[in-house]
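We did not get these values from a lab; they are worked out from the coordinates using the rules stated. Quick caveat, the model's predicted, so the values are computed rather than measured. All Cβ positions, even for glycine, are placed from backbone atoms using ideal geometry, and neighbour counts span all protein chains on display.
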Amino acid sequence: MPLPNVISLNASEPHHALTIAPPPTGLALNGRIRVPGDKSISHRALMLGALAEGETTIAGLLLGEDPHSTAACFRAMGAKISALNTEHVTVQGIGLGRLLEPEDVLNAGNSGTTLRLMLGVLASQPACFFTVTGDSSLRSRPMSRVVQPLRQMGAELWGRKDAAFAPLAVQGTTLRPLHYHSPIASAQVKSCLLLAGLMTEGETTITEPALSRDHSERMLKAFGANLTVDPDTHSVTVTGPTKLNGQAVVVPGDISSAAFWLVAGAIVPGADLTIENVGVNPTRTGVLEALALMGADITQEKQRLVAGEPVADLRVRYAGTGDRPPLRACTLAGDIIPRLIDEIPVLAVAATFAEGTTVIQDAAELRVKESDRITVMANQLNQMGARITEQPDGMEIVGGTPLTGATVDSYTDHRIAMSLAIAALAAAGTTTIHRAEAVAVSYPDFVTTLEQICLT
Ligand code: S3P
């Protein structure tokens, strides 16, 4: 039976307030849904397509604001990218080293991946000058993590605080190879240097302290780059100069977007949701391991390999019984953190529904995401009655205290907006999330899907 007035969106430009009012009898959350294409893979498909020779086709691209930023930047440098859609995007590559010097500032919008990966491309593109910027969130995020190793390769970059922050200016030049031991496990740092290494004569190696997502490695190999991976030392080497050949890329659903529904299914009594076609690359499935540790009932169905990436349908069923919290607390720390870094905001929501104290450590990176996700999540969930204490590198969440509806704010961070919406589904009373339009960065149809699963 339809549940009226559960969700409403008040669009008073420029900001949208999302109101969620579950009925006192609770929600019936069920159905089969799909999530949009993986954001990381979408960026890489557009970028490698633009840098390759010949045509690349992309099926399943994410139509969020972030990939639009990537497409706009590479169009401005000469790539012919068709209108973005989920069925069939074509990219006529320009070839490595043949980018055109853009006439205007390249704008990465809200997207750290666009900016950091692109810096590796620009810095290694001889004889072209580039200026790059982003929105206010991106202009406050650290760029030194890529600027420093690029400079060790001979790159020429300028900007505020010794090029620590965008806007940045880049004079492309011929670089020298480097073996870089990254102090952080970051796919953006790794991918930036791999892209710089494509154009650089010799072996460019990146060693990271723990394995971060490996989509760049998989896709670069598929495009024909000379690349070797040493899993024992978390090292990857590209030997340049190398050429890329256009490919047919199929983008799976984004596990980071699926994570919202997985947590919803784990905390809303009676829920039974199946999320079809989700990418389950092992460097991204930390969220499944964490939810399994917490006692959630999640199964992988129809496991398959699609264009070099593992894919499955994920089914989540509410596993609580009686009055006890449906989940149990866990500790998340160490090597698992890079494999679930983007899912920590929604895992914090899960932890408020768990028996015991959940501890999240080694996640200081959260402070330099689209917002300071430790402070923002702790403050916003505490408004709803959670008991979260911030730590410098994580948080402690005393679970089992029922949440109540409140007025909260996304701080313009897409994943905060969606995590708070999931908390609202299982809270008593009405929650209003301000600046909810942020969801469009990675999940423009989030509210539509929310309505769909609440009405089936
Ligand atoms: C991404 C890498 C991660 C992740 C981000 C996307 C990527 O960041 O948090 O949302 O596509 O490479 P870091 O590499 O900075 O950890």
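Listed values, structure above:
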{"read-out": "Cα-only radius of gyration and Dmax that characterise region 350-403, units Å", "value": "10.6, 30"}
{"read-out": "Positive minus negative residues near His234 (Lys, Arg vs Asp, Glu; Cβ under 15 Å)", "value": "-3"}
{"read-out": "q = 0.07, 0.11, 0.12 Å⁻¹, region 39-250: log10 I(q)/I(0) [Debye, one scatterer per Cα]", "value": "-0.17, -0.44, -0.53"}
{"read-out": "Whole-Hz couplings from phi, Karplus 6.51/-1.76/1.60, listed for region 90-102; x for Gly and Pro", "value": "10, 10, 8, x, 9, x, 4, x, 10, 4, 8, 6, x"}
{"read-out": "Integer Hz, Karplus 6.51/-1.76/1.60 couplings in order for region 74-87, x for Gly and Pro", "value": "6, 5, 5, 10, x, 6, 9, 10, 5, 4, 6, 8, 8, 7"}
{"read-out": "Table column - 3J(HN,Hα) (Hz), region 211-225, Karplus curve with 6.51, -1.76, 1.60, x for Gly and Pro", "value": "6, 9, 3, 10, 5, 5, 4, 4, 6, 4, 4, 4, 7, x, 5"}
{"read-out": "Candidate lysines - alpha carbon under 27 Å from Lys190, same-chain residues fewer than 8 apart omitted", "value": "Lys39, Lys80, Lys161, Lys221, Lys243, Lys369"}
{"read-out": "Cα-based helix-to-principal-axis angle, 414-425 vs the chain, degrees rounded to 10", "value": "10"}
{"read-out": "Stokes-Einstein diffusion coefficient of the chain, Kirkwood radius over Cα pairs, 4 °C, 1.567 mPa s, in µm²/s", "value": "58"}
{"read-out": "Dipole in debye (nearest 20) - the chain, about Cα centre, beta carbon charges: Lys, Arg +1; Asp, Glu -1", "value": "240"}
{"read-out": "Nearest-20 debye value, region 39-250 charge dipole, Cβ charges on Lys, Arg, Asp, Glu", "value": "280"}
{"read-out": "Stokes-Einstein D for region 325-456, Kirkwood Rh over Cα pairs, 4 °C, 1.567 mPa s (µm²/s)", "value": "88"}
{"read-out": "Amide H partners (placed H, <5 Å) of Asp297, local residues excluded", "value": "Arg317, Ala319"}
{"read-out": "Amide H contacts under 5 Å for Ala428, placed H, 5+ residues apart", "value": "Leu403, Thr404, Gly405"}
{"read-out": "222 nm mean residue ellipticity, helices alone, for the chain (DSSP H n ≥ 4; -39,500 (n - 2.57); rounded to 500)", "value": "-8500 deg cm²/dmol"}
{"read-out": "Charge dipole magnitude, Cβ of K and R +1, D and E -1 - region 197-340, Cα centre, debye nearest 20", "value": "300"}
{"read-out": "Selection from Leu99, Leu168, Cys128 lying farthest towards where the dipole of region 82-209 points positive, charges on Cβ", "value": "Leu168"}
{"read-out": "Sequence ranges 174-182, 301-309, ranked by mean other-Cβ count within 10 angstrom, highest first", "value": "174-182, 301-309"}
{"read-out": "For the chain: relative contact order, % (alpha-carbon pairs under 8 angstrom, 6 or more apart)", "value": "18"}
{"read-out": "Tilt relative to the chain, helix 446-455 - C-alpha long axis, 0 to 90 degrees, to 10", "value": "30"}
